[in-house]
Number of protein chains: 2
Amino acid sequence: MADDLSVSPLAPAGGFPDLPAIAGVRFATAATCIKYEGRSDVMLAELAPGTAIAGTFTRSRTRAAPVLDCEKKIGMPSEAGAAIVVNSGNANAFTGEAGVASVKAVTKAAAGATGIPETRVFTSSTGVIGEPLPHDRITATLATLVDELDAHGIADAARAIMTTDTFPKGAGRTVEVDGSRVRVAGIAKGSGMIAPDMATMLAYVFTDARISQDRLQPLVTAACDETFNRITVDSDTSTSDTLLVAATGASGVGVDGSEAFAAALAEVMDDLARQIVRDGEGASKFVTVGVTGAASESDARRVAFAIANSPLVKTALAGEDPNWGRVVMAVGKSGAEADRDRLSIRFGDVLVARDGSVAPGYVEADAARHMSGEDVSVSVDLGLGAGAATVYTCDLTSRYIAINADYRS
Amino acid sequence: MADDLSVSPLAPAGGFPDLPAIAGVRFATAATCIKYEGRSDVMLAELAPGTAIAGTFTRSRTRAAPVLDCEKKIGMPSEAGAAIVVNSGNANAFTGEAGVASVKAVTKAAAGATGIPETRVFTSSTGVIGEPLPHDRITATLATLVDELDAHGIADAARAIMTTDTFPKGAGRTVEVDGSRVRVAGIAKGSGMIAPDMATMLAYVFTDARISQDRLQPLVTAACDETFNRITVDSDTSTSDTLLVAATGASGVGVDGSEAFAAALAEVMDDLARQIVRDGEGASKFVTVGVTGAASESDARRVAFAIANSPLVKTALAGEDPNWGRVVMAVGKSGAEADRDRLSIRFGDVLVARDGSVAPGYVEADAARHMSGEDVSVSVDLGLGAGAATVYTCDLTSRYIAINADYRS
């Protein structure tokens, strides 16, 4: 794992951002040695009474116990406070009855330590699948965590939830609604096993906006569809994907129907989603795949993901090889409606192919120059209709293999 | 490309098999420097009058010009002879009108050189996509090829059609039908861009059996579904997949309704399909993924391919890591009906997990021992119904990246 300590070359310059403090939220973290030594691996977020909580979860058929527990609790109206407990190092997934018992033990202990009802304690676990969660290490630290709760602890929280991530991920926005300021700040983790639905990851977004759960949930669902559900690292979908969005209302500013708030929320989620791609295991390039001219939006999405998930396209990107034939292949295999003779392809601004064959005047060196950069775009126009979609991915390098061929060792 | 010269560690011991000669078929090959230097890259197969020809083709929406031409011709009844012309090094795919003209030029020249009607000349091209096929090199060599036709040329033909393949692939069977002998011999190429439908590959199977085209086609379709459509290397589907099966009838033995013949045909196709996996780019392990207990056969297939195509499962296989959590993940993402708490997983004979958690008495070293071998099996029982499927794949190694990050350079 020594190799994992080096930070992704695509990490945002300037490190973890300076996030606005969100009134009504406090954080604490602890190092409990669930798997990792010498780093924090548990985070507690405490949310003020009246906080609305919305969320989206993996659609995997083998969802982990904490996900099933969160799904059950989300949307239950309550004026009580809330808590989020997250551990890294162990996913508590495919752990049978023991896994359910671990969730129960953690939520019960967190309720006891915080005074928050158990139905308002949400947990996530991320890391190795199939090993029993040593939940005693988490429950033993909860009283200390409550003592240490800190409104400015979000950066530490972002670190505590990392697994193979090479940098902590945070994003924030401050926006005006009816002349008053509202703040949004979020953290996320994710690096491999990243694909919709939804991107494999944990993400927690906090805002001091005032909004009811039933108004917040559709905003979150829609924004998730355009952000976390538009990224892929390796086409693998986790058992534990969780996004929770908590609106404490502590600013006193109502945001019902505010487009500015909806945009700020979506921007924070988009920022976090892109950071996950930028930390894709072994990634050396951030790749934007844009598809236009599809017969439908769902077709556009199918084509975009077929390109973004193709090992042959991803290795060509790693090799800085403008091998557009592989893009044609991926369009063909997507199953979406396509007419070979209407297809056009660009790498960056360079028109590579159009109307079914190589573009007149195409010079491979121009495309290769674009591909030698750190941010690469692949654009396909299908020439059929108005369907469009953009997804984000990274290249596939031998470092991905090195990281994943012995993740557990 | 120097690395590509080393033969896959999974190549069959003993080299190219000793195949039965098929009466009514003759082969010739030539080196025309379409892309490769110092090796043959064109093969001609000449088939006697009365030969029935069946085939299956890629379902890609961006099918190459030769595929579209073959599809048009297959199934047209004819008593004339037939010819198959195959080149490696250039796929003549996504080449627009020029690609169609190249097919026309080759089929016309082959018809002229062999005296076979153009509607009975089938061509395939395999190699780089998107570059114009220098078809003059092929047409210029056809007269010589006809002069050199040889009933024993099948091994050379297998070599001429290789691209990134590290060994030529051949398989044969001799079977008794009504007391008389019938022979089946086939060749194939394929190494990367291998996934159904159908496996990315070219395959040509010849038999001296007597059978009409309309009886042969359903046999071929059914056998293809159980063989070439059950393998995957990298989930990528080519624009050029072609399987042609030619029955010359020269043995005089009718095989209508013969189960022995159908079985021999399927066995040859299965043998070739497995060899393609054994030559998977960078492969170090041959992996059998078996799924049982699914709610339906199509569900079983979805789960099997989700496992076989998962980069995280494939890298774990490369790392000889019995990381069964990734198998659970793949089951979950497949979309097939699954109940986490009924799932069981085996690596080889080692029961790893059952009823939703790790199996009692499971010792990781036992599973690791199985995975250290060259032939690895991953078996999943979903515990729901009678649906079953088996697919073959290989592991994902850094050599796959090395081969594909600069295939064109």
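The values are calculated or read from the model by the stated rules, or taken from the named source; none is laboratory data. Computed from a prediction, not measured in an experiment: that's the story for all the values here. Backbone-built Cβ (ideal geometry, glycine too); neighbour counts: all protein chains shown. Please note that ligands, DNA and RNA were not included when accessible areas were found on the heavy atoms of the full protein model with its side chains. Shrake-Rupley method; radii C 1.70, N 1.55, O 1.52, S 1.80 Å.
Here are a few things to note about the model shown:
- Check on B:V277, surrounded by fewer than 24 Cβ atoms within 10 Å (Cβ to Cβ) and more than 13 Å from chain A (Cβ to nearest Cβ): no
- Residue within the range A:106-121 that is modelled with pLDDT under 95 and either within 14 Å of chain B (Cβ to nearest Cβ) or in a helix (DSSP H, G or I) (or both) present: no
- B:F286 meets the conditions (1) more than 11 Å from every other protein chain (Cβ to nearest Cβ); (2) out of contact with any Cys (no Cβ under 7 Å at 6 or more places or on another chain); (3) surrounded by fewer than 24 Cβ atoms within 10 Å (Cβ to Cβ); (4) touching a residue at least 40 places away in the same chain (Cβ under 8 Å) in every case but one. The failed one is (2).
- So B:M329, is it in contact with a Leu (Cβ under 9 Å, 6 or more places away or on another chain), crowded, with 20+ Cβ neighbours inside 10 Å and farther than 26 Å from B:T221 by Cα: yes
- Some residue of the range B:39-60 being without any contact (Cβ under 8 Å) to a residue 24 or more places away in the chain and either open to solvent by 10 Å² or more (accessible area, probe 1.4 Å) or closer than 21 Å to B:L265 by Cβ (or both): no
- Residue list for the range A:252-266, filter: under 10 Å from A:V182 (Cα atoms) and not in a helix (DSSP H, G or I): A:G252, A:V253, A:G254, A:V255
- Residue match in the range B:355-370 (condition: in a loop (DSSP other than H, G, I, E, B) and within 26 Å of B:D225 (Cα to Cα)): no
- Matching residues, the range A:337-355, being facing another protein chain (nearest Cβ under 7 Å) and either within 18 Å of B:D234 (Cα to Cα) or not charged (D, E, K, R) (or both): A:A338, A:A353
- Of the residues making up the range A:72-101, just one is away from chain B (no Cβ under 12 Å), in a helix (DSSP H, G or I) and in contact (Cβ under 8 Å) with a residue 24 or more places away in the chain, namely A:K73.
- Within the range A:306-328, if we keep just the residues that are part of a helix (DSSP H, G or I), without any contact (Cβ under 8 Å) to a residue 40 or more places away in the chain and of a type in the set (G, A, S), the residue that is nearest to the other protein chains (Cβ to nearest Cβ) turns out to be A:G325.
- Some residue of the range A:312-324 being open to solvent by less than 10 Å² (accessible area, probe 1.4 Å), of a type in the set (G, A, S) and in contact with a helix residue (DSSP H, G or I) (Cβ under 9 Å, 6 or more places away or on another chain): yes
- Among the residues listed as B:V291, B:V255, B:V331, B:V303, the single one being in contact with a helix residue (DSSP H, G or I) (Cβ under 7 Å, 6 or more places away or on another chain), at the interface with chain A (Cβ under 9 Å from one of its Cβ atoms) and either more than 24 Å from B:K189 (Cα to Cα) or of a type in the set (G, A, S) (or both): B:V331
- Scanning the range B:351-376 for residues that are open to solvent by 30 Å² or more (accessible area, probe 1.4 Å) and at negative phi yields a count of 16.
- Summed over the range A:388-409, the residues that are at pLDDT below 80 and away from every other protein chain (no Cβ under 12 Å) give a count of 0.
- Residues of the range A:293-317 that turn out to be within 12 Å of B:I401 (Cα to Cα) and out of contact with any Cys (no Cβ under 9 Å at 6 or more places or on another chain), as a count: 5
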